[in-house]
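The values are calculated or read from the model by the stated rules, or taken from the named source; none is laboratory data. Just so it is clear, the structure is predicted and the values come from calculations on it, not from any experiment. We place every Cβ from the backbone using ideal geometry, glycine too, and count neighbours over all the protein chains shown.
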Amino acid sequence: MTSDEKSQVGGPGGGGGPGGGGECTPGVTRLGWIGTGVMGQSMCRHLLDAGYQVAVYNRTREKAAGLVERGAMWCDSPKAVGASSDVVFTMVGYPADVRETVLGPQGVLAGLAAGGLLIDMTTSQPALAVEIAQRAEAQGCQALDAPVSGGDVGARAASLSIMVGGSSAALQRALPLLSLLGRTIQLQGPPGSGQHTKMVNQVLIASGMVGVCEALLYGYRAGLDLETVLKSVSAGAAGSWSLSHLAPRALSGDFRPGFFVEHLIKDLGIALEESRRMGLVLPGLALAEQLYLATAAGGWQKSGTQALLLALAKLSNLPWPKDS
């Protein structure tokens, strides 16, 4: 590993794991990709563009058509993807989807041969990540939980932050692939640690978005030119990724999803469940979940997380001027 920031890797080791599999090499290593949504399509495309053979599956086949046209091989089930691959990526919606896709009768592990590697990039439950790693190891495979942050922008630019749980050996094997998807790749610890780190990320994002949207409403009601306001506050101590990337979308009336409201609600539910299990009191997280539930109830569940602005405006009976 070089000092190239494309692959900033560090953190505690995750212990040993089964052997199997050599260095990932285009034209040699067979890849599988399951889940071609807003982010998954771009991420899979980077692997294809790097010269890897990729087998793909998605519940809605039409959403994988562009990847197939680009050279990916369609498979009819996750099991078939596993049987056709040395390394399989999954990026689906909910923990139940992960369980079915990986552990089900037609799941990846039903087809993946000994020595295979599974990389789940879905934001899911830490306990499920541990279960998957144990099942994979029992059949001579390796597994990493590797959720990401950066949204559709980071997926397209291959600039994601990738939070990894699993063994250091499995991560070293996966690095040539993960380096095509993200700039910061950090081993957080044993299986489940990547998912716990993603919960930290989501707690930060959810409460931060409440502040971003409330600030925009305040500025709008005060009669300020919000584009000018953003130039000032984005460069100061209040600056954040959400303020720089999502606030301008909201100002232009663009509430299309870089990350779905309904998926954030799923993530916040996991974070709250884990918080209760650990005996933590996180009232800001609970409030953020309630506000996003209100956003979904308002009909914006499939909008981007910046649609929280619309729900908060509605609470103040203040119609947002641009709601597309």
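A few comments on the model shown:
- Unmet requirement for A297, which otherwise passes all of (1) closer than 19 Å to K198 by Cα; (2) surrounded by fewer than 16 Cβ atoms within 10 Å (Cβ to Cβ): (1)
- From the list A169, A158, A136, A215, the one residue that fits, being of a type in the set (A, V, I, L, M) and crowded, with 23+ Cβ neighbours inside 10 Å, is A136.
- Test for L175: is it within 23 Å of L48 (Cβ to Cβ) and crowded, with 24+ Cβ neighbours inside 10 Å: no
- Where strands (runs of 3 or more DSSP E) fall entirely within region 26-128, those with at least 1 residues that are of a type in the set (S, T, Y) and within 24 Å of Q172 (Cα to Cα) are at 87-90.
- Residue in region 251-270 that is part of a loop (DSSP other than H, G, I, E, B), among the hydroxyl-bearing types (S, T, Y), crowded, with 16+ Cβ neighbours inside 10 Å and out of contact with any strand residue (DSSP E or B) (no Cβ under 7 Å at 6 or more places or on another chain) present: no
- Residue check: L224 meets all listed conditions (1) more than 17 Å from the chain's Cα centre (by Cα); (2) within 18 Å of S149 (Cβ to Cβ) but one, namely (2).
- Residue match in region 26-39 (condition: assigned by TED's automatic domain parsing to the domain that holds G150, more than 19 Å from the chain's Cα centre (by Cα), of a type outside the set (S, T, N, Q) and more than 22 Å from S179 (Cβ to Cβ)): no
- Flag for P190 being farther than 21 Å from G258 by Cβ, over 16 Å from the mean Cα position of the chain (by Cα) and not small (G, A, S): yes
- Yes/no for S179 being assigned by TED's automatic domain parsing to the domain that holds M121 and touching a Lys or Arg at 6+ places or on another chain (Cβ under 7 Å): yes
- Residue count for region 300-319 satisfying the condition of being free of Cβ contacts under 8 Å to residues at least 60 places away in the same chain and buried (at least 19 other Cβ atoms within 10 Å of the Cβ): 6.
- Within region 274-287, being touching a residue at least 24 places away in the same chain (Cβ under 8 Å), in a helix (DSSP H, G or I) and either within 22 Å of G194 (Cα to Cα) or in contact with a Pro (Cβ under 9 Å, 6 or more places away or on another chain) (or both) holds for E274, L285.
- Residue within region 273-283 that is small (G, A, S), surrounded by fewer than 18 Cβ atoms within 10 Å (Cβ to Cβ), under 30 Å from A127 (Cβ atoms) and under 21 Å from the mean Cα position of the chain (by Cα) present: yes
- Sole exception among (1) touching a residue at least 24 places away in the same chain (Cβ under 8 Å); (2) over 20 Å from I270 (Cα atoms) for G192, by number: (2)
- Boolean, S234 is more than 24 Å from S316 (Cα to Cα), out of contact with any Cys (no Cβ under 9 Å at 6 or more places or on another chain) and either surrounded by fewer than 16 Cβ atoms within 10 Å (Cβ to Cβ) or assigned by TED's automatic domain parsing to the domain that holds I132 (or both): yes
- Contact annotation: residue pairs with Cβ atoms under 6 Å, 6 or more positions apart or on different chains, pairing a residue in region 128-157 that is under 15 Å from G189 (Cα atoms) with a partner that is among the basic types (K, R), are P147/K198.
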